Structures are given as C-alpha cells and as structure tokens.
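See below for the structure under consideration.
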Amino acid sequence: MARRDSDYGAFMDKFVLQPSSSQYQLPLGALTWAVKDIFDVDGYVTGFGHPDWAKTHSPASSTAPAVLAILNAGAKCIGKTVMDDLAYSIDGVNIHYGTPTNPCAPDRVPGGSSSGSAVAVAANLVDFSLGTDTGGSVRVPASYCGIFGFRPSYGVISTSGVVPLAQSFDTVGWFARNPVLLNKVGRVLLQLPDINPVKPAQFIIADDCFQLSTIPSSRVEEVLVKSVEKLYGSHLVKHANLGDYVKEKVPSLSTLLPKAHADQEYNIPSLAALSNAYRLLERYEFKNDHGKWVSAVRPVLGPGISERVQEALRATDENIDICRSVKTELRSALAALLGDFGVLAIPTVPESPPKLQTDPSTLQTFRARAFSLLSIAGVSGFCQVSIPLGLYDNLPVSVSLLAKHGLDGFLLNLVETLYPTIKEELGLQ
C-alpha cells in the first residue's frame with residue numbers, strides 16, 4: 001500500500017468514521033483522531049503491524065469498545081496507524097510498511113509500538129490518537145515525539161477488540177499535544193465526570209531513577225521540582241531511592257535479581273529484576289496467545305523483534321507464579337509509598353531517542369535501561385503520564401508522573417494544572 005510523504009508515514013489505512021449523532025454538542029465534537037492498527041474496527045482487517053497477520057485474519061465483525069467510546073463522544077476518525085510488528089518493540093521501526101518519521105527528529109526512531117499514532121499527533125495530522133501500552137508503547141513514542149502520552153491504570157479501560165500482546169499488562173492509551181485535550185479524551189475513555197482538581201499530597205522524586213538518565217538533571221528533574229515548589233510549595237517535594245525501597249518491600253523479586261556483571265553498572269538491580277519479571281510474563285502470555293500462529297505462518301520479523309519472538313516461543317511456566325506475586329507486592333508497596341494522592345516522578349526513558357539504523361546490540365542495552373523505568377507502572381498497574389519538556393540538544397525530552405491505581409482522573413487533572421508552570425519554567429510560549 002502506498003503512503004504519502006505528507007502523512008509522515010503514520011497511516012496504514014485512510015478512511016472516515018463519523019460520529020453517530022450531531023458531533024458539535026459532544027465532548028470531543030469537531031476533533032479528528034487516528035487509531036492504532038491493533039484495534040478492531042467493524043469491516044476492516046486488524047493488521048497488528050504485519051502483512052501476514054492481515055492476510056490470515058478476516059475483517060472485524062465489531063468495533064472495539066474504546067473506539068466506539070471516542071466515536072460516540074463526537075470525534076471523527078480518519079484512519080488506522082502504523083505500528084511495530086506484532087506490537088513487540090518500543091523502537092517504532094516497521095520493515096514491512098516503513099517507519100513513521102519522527103516530526104521532532106527525522107533521523108531518530110519515533111518510538112513504538114504505537115509509532116504511527118504518536119507521529120500523527122506530533123505532526124498535527126490529527127488532534128489526538130489511540131494506542132496501546134503494554135511495556136511502554138504509548139509512553140516511549142510520546143517521549144520521543146515530544147507530546148503527551150497516557151498509560152491508564154491496568155484494567156480500567158476495556159481491551160476487548162484489541163489484539164493482545166500480554167494480557168497481564170495490556171492497556172489502552174492515548175496521545176495529545178496539550179494536557180487539556182489529554183484530560184478530555186481520558187474522561188471519555190475512563191467514563192469520568194468533570195471534577196475539580198485535588199491538591200497532591202506529596203511529590204516523590206526517585207533520585208536513583210533520574211541518575212539513570214543521560215539528560216542533565218537541570219533539564220528534567222530540576223524543572224519539575226521548581227514547578228511543583230512554585231505551584232504547591234517545597235514541603236510537598238520528597239526524595240527517595242526507589243530501587244532500595246522496591247528491593248525491601250517486594251521480597252519475591254529476590255530470585256529474579258540479575259547476576260552481578262560490569263555491564264550492570266548502568267542499572268538498578270531491583271528495577272532490573274522488575275523488568276525481568278515483566279519480560280518473563282510477557283513472553284509466556286505472548287506464546288499462549290500467538291505461538292501457534294507464529295509457528296504455522298513463520299512471518300518475517302524485523303531486527304530485535306524476531307529474536308524476542310523466538311525467546312517467547314521457548315517460554316515455559318517457570319517462575320510465572322513468582323512474577324504474579326511480584327505484581328501484587330509491587331502494587332501494595334507503591335500504594336504505601338505514595339499514600340492517597342501522592343505522585344511519583346521518574347524519567348520516562350533514560351536518554352534521547354536512538355538514531356535510525358542504530359546497531360541492535362546498542363538498542364538492546366538501551367532497552368534494558370528503559371525497561372527498568374517502564375516496568376514500574378507496567379508491573380504495578382499504576383497510571384503514568386509522559387510530559388514533554390521541550391528540546392535538549394535539539395531532541396525531545398520528557399518526565400513522567402505516576403499515581404496510584406484508579407487515580408487516573410486525579411493524574412490527568414494534575415498535569416493540566418501543573419503544565420502551565422512547567423512551560424513557564426522552561427521559557428516556552
């Protein structure tokens with residue numbers, strides 16, 4: 001299928017889905033949006049990022065509830081977006097349909113697997129878009145493309161009609177260029193009423209996580225801290241060593257701790273163990289859902305994805321019960337740390353977006369560091385928002401805030417309230 005350069009390679013398929021009633025009186029009336037090609041849309045084949053998947057699956061006979069919710073709120077869908085093969089990557093590269101161009105940094109990857117959805121928003125092709133986030137597939141491309149991305153609390157938005165990657169972690173997420181629209185879309189998907197913002201009880205800065213980042217703290221951590229102090233007062237800002245806390249409070253992680261090697265210096269052992277738990281369960285569930293299809297069809301897969309899929313096909317149920325215990329323990333531990341209406345601040349990703357054609361072994365090292373951060377929300381099921389902080393060395397940078405499971409509306413309101421102060425601190429218009 002030919003794709004126009006003016007689309008930044010973001011779209012798989014262009015079509016128009018109109019709201020069922022007069023759109024202008026509805027919450028998202030007169031807005032345009034796009035949807036990742038992992039969601040079912042009645043009458044269209046769900047491609048899951050791979051031509052062989054599209055060839056071996058029939059058109060959907062119904063539309064995913066998340067898609068219907070957005071349509072019923074008045075927004076006009078203009079098409080499906082490109083994604084990574086089988087959603088099994090955070091790079092945003094697709095060897096079959098082409099890699100969407102990162103509008104902020106055309107020589108860098110856009111981030112994945114919701115690459116096209118992020119690019120469509122960043123390039124002003126649509127007002128907002130839907131993606132999915134299992135291990136980071138909304139948060140990473142949002143960071144790389146310089147826009148807002150929201151991963152909701154696990155299980156609060158229906159994933160019916162969405163091709164699974166790993167059902168213990170799959171969530172429906174979304175992108176927007178500003179926090180007001182991010183909040184509006186969230187209230188539709190989460191079925192939340194408009195309520196006044198609740199003042200946060202505390203902001204916990206995970207100092208060890210920020211030390212993983214190659215971006216100077218003055219451009220990320222300090223910007224956030226100064227903004228919070230200006231808006232809420234310095235008494236709300238607390239500092240913590242998250243790795244030590246997780247190691248102490250999540251005892252099931254002990255069997256998954258990485259062996260000490262020199263190349264582990266870039267990581268936090270307990271958070272690397274968290275990432276191990278995530279990956280073990282992800283592989284196991286991917287194999288259960290898609291192993292037979294992969295073995296029968298033998299699809300050609302992109303670099304990195306091919307190796308990860310082969311690892312998944314070899315997955316067993318060893319340590320799976322431990323991984324599930326880690327999920328439960330981590331959620332309780334972080335809930336105790338944050339309390340009601342507390343916020344945890346971490347970098348979204350540890351560095352700037354990698355260059356296109358980066359060596360796969362270099363990307364693998366980056367992934368390991370990234371998943372130490374991404375797995376915090378992934379494994380706990382907490383909600384997380386990636387907030388753009390402008391450019392550093394002409395590349396997008398971001399920071400993330402996490403809140404307790406179920407406090408999605410609180411987090412969305414908080415970002416809308418806090419972001420004008422962040423912009424002021426950054427000197428952005």
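Below, the figures for the structure above:
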{"quantity": "Potential lengthening between Trp293 and Lys259 on full extension [0.36 nm per residue; Cα-Cα distance subtracted]", "calculated": "8.8 nm"}
{"quantity": "Highest-MSF residue in the chain out of Glu285, Glu229, Glu329 [GNM, Cα springs under 10 Å]", "calculated": "Glu229"}
{"quantity": "Listed residues Val228, Val385, Val121, most fluctuating in the chain (Gaussian network, C-alpha, under 10 Å)", "calculated": "Val228"}
{"quantity": "Highest to lowest packing among 153-161, 370-378, scored as the average C-beta count within 10 Å", "calculated": "370-378, 153-161"}
{"quantity": "Candidates Gly136, Gly381, Gly74: whichever shows maximal mean-square fluctuation once the chain is modelled as a Gaussian network with Cα springs under 10 Å", "calculated": "Gly74"}
{"quantity": "Within region 302-349, trypsin sites (Lys or Arg not before Pro) in DSSP loop having at most 15 other beta-carbon neighbours inside 10 Å", "calculated": "Arg314"}
{"quantity": "Mean separation of Cα contacts under 8 Å, 6 or more apart, over the residue count of region 281-429: relative contact order %", "calculated": "22 percent"}
{"quantity": "Formal net charge of residues neighbouring Leu281 (Cβ-Cβ distance under 12 Å; K, R +1; D, E -1)", "calculated": "-1"}
{"quantity": "Whole-angstrom Cα spans of the chain along principal axes, big to small", "calculated": "54, 52, 37"}
{"quantity": "At R0 = 45 Å, FRET efficiency that the Cβ-Cβ distance of Leu426 and Ser306 yields, to 0.05", "calculated": "0.65"}
{"quantity": "At least 20 Å along the helix axis (C-alpha) and Kyte average at least 0.5, DSSP helices within the chain", "calculated": "320-338, 360-380"}
{"quantity": "Radius 11 Å from Cβ of Trp53, net charge of other residues (Lys, Arg +1; Asp, Glu -1)", "calculated": "-2"}
{"quantity": "Over the chain: helical MRE at 222 nm, DSSP H runs n ≥ 4 each giving -39500 (n - 2.57), nearest 500", "calculated": "-11500 deg cm²/dmol"}
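No value in this document is a laboratory result; all are computed from the given coordinates. Because the structure is predicted, anything quoted here is derived from the model rather than measured. Every residue, glycine among them, receives a Cβ derived from its backbone with ideal geometry; neighbour counts consider all protein chains shown.
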